[in-house]
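Okay, so here's the structure we're looking at.
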Amino acid sequence: MVPRVKSSQKVGVDRRRFCGSAAIALVAAELGFTGPASAQGVTAKPARLPAVKPGMNAAFSSLKQVDAGVLNVGFAEAGPADGPPVLLLHGWPYDIHSFVDVAPLLASEGYRAIVLYLRGYGTTRFLSDDTMRNGQQSAVAVDIVALMDALKLEKAILAGYDWGARTADIIAALWPERCTGIVSVSGYLIGSQQSGKLPLPPSAALQWWYQYYFATERGRVGYGKYRRDFAKLIWQLASPKWNFDDATFDRSAKAFDNPDHVEIVIHNYRWRLGLAEGEAKFDALEKRLAEAPVITVPTITLEGDANGAPHPDSAAYAQKFAGKYEHRVIDGGIGHNLPQEAPQAFAQAVIDVAES
């Protein structure tokens with residue numbers, strides 16, 4: 001089935017359409033990407049970008065490293081250095097290859113696409129052994145602001161899914177002056193320890209089974225030993241109709257060999273449930289986030305029609321976006337890793353929100 005983009009109605013928010021025009025051909029080889037040349041049609045709203053088959057590009061040609069805050073961040077980029085910057089933020093358990101087809105699409109439109117490894121993934125490393133391996137939501141967001149400072153980016157579009165979508169939401173809410181607009185898969189994902197402590201109905205708790213596994217010492221050891229098997233299972237459950245091959249998975253799984261990966265992941269999920277402490281320096285930020293601040297920058301939220309991961313209904317978060325806003329449902333068996341499964345729809349959303 002060919003993926004399709006549908007706009008969803010929302011209640012109580014001024015919904016405006018984002019527009020684009022004139023398809024531009026993509027020459028992936030000129031942008032530093034490698035992979036087989038093949039194409040797939042995706043109907044965008046309105047049609048603009050060239051058709052691209054997910055997996056058309058196999059890898060980024062090179063990575064860069066930059067000191068930013070407490071990290072030395074690994075990242076790839078495509079497009080002109082003076083183009084409008086777009087930071088592409090991956091989730092767990094995935095990596096920068098979620099955007100391997102998105103980045104050249106954006107570059108073909110003149111954007112500077114920056115695809116970075118979050119703390120605990122790939123080539124990103126802590127500068128000091130003494131820094132707490134902290135996975136709490138505000139710490140990850142502060143990392144991105146520090147990266148923007150290091151790259152001398154005053155403002156950027158932020159676009160992501162899973163941990164990356166939450167991070168984009170947080171930056172848009174706390175530092176709107178740094179954010180031109182956001183694209184957020186599954187919408188408003190800002191949480192708090194207070195909400196994480198609330199009990200869930202059994203059916204909802206079942207969806208979060210891995211949180212409870214990670215809360216145990218057996219789970220921590222098990223994730224360390226079986227992290228690749230664990231990640232592959234999550235991929236299958238979260239995107240039940242995505243027929244990824246072993247080569248696609250193996251490219252991303254290398255990112256989980258990061259020496260801090262297990263500690264960051266375990267702390268992230270234990271912190272959410274109030275089972276692990278964060279850092280005091282982030283207390284003020286977390287207090288603001290616990291109030292569920294409204295996001296005022298232009299936003300497009302996306303959802304795949306076959307997302308098997310826990311995610312809120314779009315009606316539950318529509319009121320959290322007070323600026324220009326649109327929600328799009330991507331049809332065609334699209335799961336949780338939306339940018340990798342439907343790169344044209346994701347890239348189109350970035351362009352549309354940038355031009356709003």
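Using DSSP, restrict attention to beta bridges with both residues in the chain and report what percent are antiparallel, rounded to the nearest 5. Write out the running numbers ahead of the final one.
On the way: 18 of 45 bridges.
Counting only bridges with both partners in the chain, antiparallel ones make up about 40 percent.
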For the chain, what is the mean residue ellipticity at 222 nm derived from helices alone (per DSSP H run of n ≥ 4: -39500 (n - 2.57); sum divided by total residues; nearest 500 deg cm²/dmol)? -9000 deg cm²/dmol
Could you tell me which of rounded, prolate or oblate describes segment 199-356, using a ≥ b ≥ c as the square roots of the eigenvalues of the alpha-carbon gyration tensor, with rounded for a/c under 1.5 and, failing that, prolate when a/b is larger than b/c and oblate otherwise? oblate
Using the per-residue mean of other Cβ atoms lying within 10 Å as a proxy for protection, in what order, highest first, do the peptides 172-178, 320-326 fall? 320-326, 172-178
Residues meeting the amide H criterion for A68 (H placed from the backbone, H to H distance under 5 Å, 5 or more places apart or on another chain) are V73
What is the Cα centroid distance between segment 181-226 and segment 71-95, reported in whole angstrom? 25 Å
Hey, what's the Cα Rg ratio for the chain versus the globular rule of thumb, 2.2 N^0.38 Å? 0.91
Listed residues P50, P202, P84, most fluctuating in the chain (Gaussian network, C-alpha, under 10 Å): P202
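Values quoted throughout were computed directly from the atomic coordinates according to the rules given, and no laboratory measurement underlies them. Note that the coordinates shown come from a computational prediction; the quantities given were computed from them, not determined experimentally. In this analysis, Cβ positions are derived from the backbone assuming ideal geometry, glycine residues included, and neighbour counts consider all displayed protein chains.
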